[in-house]
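Participant: Got a structure here, written out as structure tokens. Questions coming.
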Amino acid sequence: MPGSFYITTPIFYVNDVPHIGHAYTEVAADVLARWHRQSGDDTWLLTGTDEHGQKIERTAAANGVTPKEWADRLVESAWKPVLETLDIANDDFIRTTDTRHESAVAKFLQQLYDEGHIYEGEYEGYYCVGCEEYKQLDDLDLPEEGEFAGQYVCKIHSRPVEILKEKNYFFRMSDFEQALLDLYESQPDFVQPDSVRNEIIQFVKQGLEDLSISRSSFDWGIKVPWDETHVVYVWFDALLNYITATGWGEDAENFRRRWPATHLVGKDIARFHAVIWPAMLMAAGLPVPKQVFGHGWLLVGGEKMSKSKLTGIAPAQITDVFGSDAFRYYFLSAITFGQDGSFSWEDLSARYTAELANGFGNLGSRVVAMIEKYRGGVVPTAERDAEIVELERAVTDAADAAIGKLAIHDALAEVAKLVDALNGYVTDQAPWVLAKDPAQAERLDQVLATLHHGVGTLAVLYSPVMPKATAKLWAALGESGDLADQRVNRAWDRPVGGTVSALEPLFPRIELAADEQAAPAS
Ligand code: MSP
């Protein structure tokens, strides 16, 4: 039954340009959104940028511009264009400097203050500007040698932390410790996968401290409404984007229509989303998110890929060679969603050739070519072979169920079963042999009808992942209606027929340049 589906990506810091780690979340969210949209759900995909805080302020200063000028520049030159590069069909793009966001954040904060959830206090601790977070000693390394020997460094950024002592406003997060534990217990799906869920439960069980939610040592942020000498802590500000973008505080009807959301985040920021965020919502008397899913890291050379460690790869480096469809397919099929995955050009190239060029692409081209050659392009409306008819249905159901669990890799593995089965069917039935025997004309009709319909079902099932290639295939198959209007959760449910037309190779062969094979992490 159609329902409502609101999915978000993290909003990205604009201190730097996007790399494939950021692109990974975008693509996963977009595939889920397209799948739900094509299942008839009232779907909304939100992404955007996180523009306040010390990290952005410092980057802007280092570049001799104001933080807002810097943010504008990066949003227009890098963060919005990457959505085009990756073929993301987002419904909204929120910037934390948008007036709609800033005014709603102030309103939310004032409400919590008025209701006694916020108090004034003092805090001293280790602060990582890269993470924009106070750190506990557990989160830090103390290297004995190297550039930072003898200094506490952040485990994520490998850079020294700073000691901050400030008079701040605090959110009484500790009040929500038990309610959070109850939430994890009563809704086991609230945080996923289980590895992340266990870590979160462990963390909360150790005891929650109140959270410092304002800063007075710099001023690039949203002003605290009752004390303009403070700005709102960047994470407190950023998390609220998920409700300010849907009209919380402004448009109650739209907010009710969209909220609650499924949040896709990297596992390194799951704590903010699964602990701080639901506590904030509980304090405001609002429903908690539907789910927080912490995906794994893309590793390059065994390490988390990142710009700060110079292992960053820009998405366009890949899409310029392989195209956006292959990018989307590769990262979502080669990596179990929820686990870390290593990226290499060799693996990408090998899978592109085997699974897309030789597997799916070639199947589409052969089927179109055979219908052209043996039936003048007209698809026979014959009865189809039961085995493939059944498989189309089974694969559709299994893929849809996997998407429901955010197991995108499993969904793609299901669809691949149909590709393999159809390729096997071509070999077994050998239409070119049937075509030579006029007594087999009816059988050839059945085989061609079965193949045509099966490939059409593949086009529908793959359309949320590879919108461009499947649109070309759909047109060449001569199927009726827009591909985007096909119900992906009933991909098998279409009449047989149509007139095919020429199809260029969907995934042309690619020769990798020597430097791309040798130096994956430039
Ligand atoms: N601005 C915050 C998020 C606020 S959401 C209310 C932030 N931004 S970020 O730009 O630093 O990172 C955004 C996301 O990119 C995180 O989910 C992080 O896990 C992800 N990734 C960064 N490097 C990554 C990989 N190497 N692999 C996969 N994801 C990675 O945090």
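The values are calculated or read from the model by the stated rules, or taken from the named source; none is laboratory data. Remember, it's a predicted structure, so these values are computed and weren't measured experimentally. With ideal geometry, Cβ positions are generated from the backbone for all residues, glycine too; neighbour counts draw on all protein chains shown. Only protein heavy atoms, including side chains, enter the accessible area calculation; ligands, DNA and RNA are left aside. Shrake-Rupley method; radii C 1.70, N 1.55, O 1.52, S 1.80 Å.
Participant: Being within 15 Å of the ligand (Cβ to nearest atom) and within 20 Å of ASP91 (Cβ to Cβ), is that true of even one residue in segment 277-288?
Facilitator: Taking every residue of segment 277-288 in turn, none turns out to be within 15 Å of the ligand (Cβ to nearest atom) and within 20 Å of ASP91 (Cβ to Cβ).
Participant: Take segment 234-271 and flag every residue that is free of Cβ contacts under 8 Å to residues at least 60 places away in the same chain and within 13 Å of the ligand (Cβ to nearest atom).
Facilitator: Across segment 234-271, the qualifying residue is only LEU239.
Participant: Might you check whether a residue that is away from the ligand (no atom under 14 Å from the Cβ), open to solvent by 10 Å² or more (accessible area, probe 1.4 Å) and acidic (Asp, Glu) occurs anywhere in segment 167-180?
Facilitator: Yes: segment 167-180 contains one or more residues that are away from the ligand (no atom under 14 Å from the Cβ), open to solvent by 10 Å² or more (accessible area, probe 1.4 Å) and acidic (Asp, Glu).
Participant: Another one. Could you list, in sequence order, all residues of segment 470-484 that are surrounded by fewer than 18 Cβ atoms within 10 Å (Cβ to Cβ) and assigned to a loop (DSSP other than H, G, I, E, B)?
Facilitator: Scanning segment 470-484 gives SER480, GLY481, ASP482.
Participant: Using the structure shown, decide if ASP138 is away from the ligand (no atom under 16 Å from the Cβ), at pLDDT 90 or above and not in a strand (DSSP E or B).
Facilitator: In short, no.
Participant: Only one residue in PHE293, PHE331, PHE337, PHE322 is within 30 Å of TRP248 (Cα to Cα), open to solvent by less than 30 Å² (accessible area, probe 1.4 Å) and aromatic (Phe, Trp, Tyr), so which one is that?
Facilitator: Checking each option against the conditions leaves just PHE293.
Participant: Restricting to segment 103-124, name every residue that is buried (at least 16 other Cβ atoms within 10 Å of the Cβ) and part of a strand (DSSP E or B).
Facilitator: Scanning segment 103-124 gives ILE118, TYR123.
Participant: Any chance you could count how many residues in segment 1-48 are near the ligand (Cβ under 10 Å from one of its atoms), part of a helix (DSSP H, G or I) and among the acidic types (Asp, Glu)?
Facilitator: Qualifying residue count, segment 1-48: 1.
Participant: Let me ask something else. Out of the residues in segment 196-220 that are surrounded by fewer than 13 Cβ atoms within 10 Å (Cβ to Cβ) and within 28 Å of the chain's Cα centre (by Cα), which is nearest to LEU164 (Cα to Cα)?
Facilitator: GLN202
Participant: If you scan segment 159-200, which residues turn out to be within 28 Å of GLN111 (Cα to Cα) and hydrophobic (A, V, I, L, M, F, W, C)?
Facilitator: Correct list: LEU164, PHE170, PHE171, MET173, PHE176, ALA179, LEU180, LEU181, LEU183, PHE190, VAL191, ILE200.
Participant: If you scan segment 393-444, which residues turn out to be assigned to a loop (DSSP other than H, G, I, E, B) and either under 30 Å from PHE337 (Cα atoms) or open to solvent by less than 70 Å² (accessible area, probe 1.4 Å) (or both)?
Facilitator: Those that are assigned to a loop (DSSP other than H, G, I, E, B) and either under 30 Å from PHE337 (Cα atoms) or open to solvent by less than 70 Å² (accessible area, probe 1.4 Å) (or both): LYS405, LEU406, ALA407, ALA430, ALA435, ASP437.
Participant: For segment 485-509, which positions are within 22 Å of VAL415 (Cα to Cα) and not in a loop (DSSP other than H, G, I, E, B)?
Facilitator: Scanning segment 485-509 gives ASP485, VAL488, ASN489, ARG490.
Participant: For segment 337-391, give me each residue that is basic (Lys, Arg) and under 25 Å from GLU511 (Cα atoms).
Facilitator: Across segment 337-391, the qualifying residues are ARG351, ARG366.
Participant: Look at LYS304 and say whether it is near the ligand (Cβ under 8 Å from one of its atoms), in contact with a Phe, Trp or Tyr (Cβ under 9 Å, 6 or more places away or on another chain) and farther than 21 Å from THR49 by Cα.
Facilitator: Judged against the criteria, LYS304 is a match.
Participant: Can you say whether ALA354 is touching a residue at least 12 places away in the same chain (Cβ under 8 Å) and either under 21 Å from the mean Cα position of the chain (by Cα) or at negative phi (or both), as far as the supplied structure shows?
Facilitator: Here the answer is no, as ALA354 does not meet what is asked.
Participant: Restricting attention to segment 207-232, which residues are without any contact (Cβ under 8 Å) to a residue 40 or more places away in the chain and closer than 20 Å to PHE176 by Cα?
Facilitator: Result: GLY207, GLU209.
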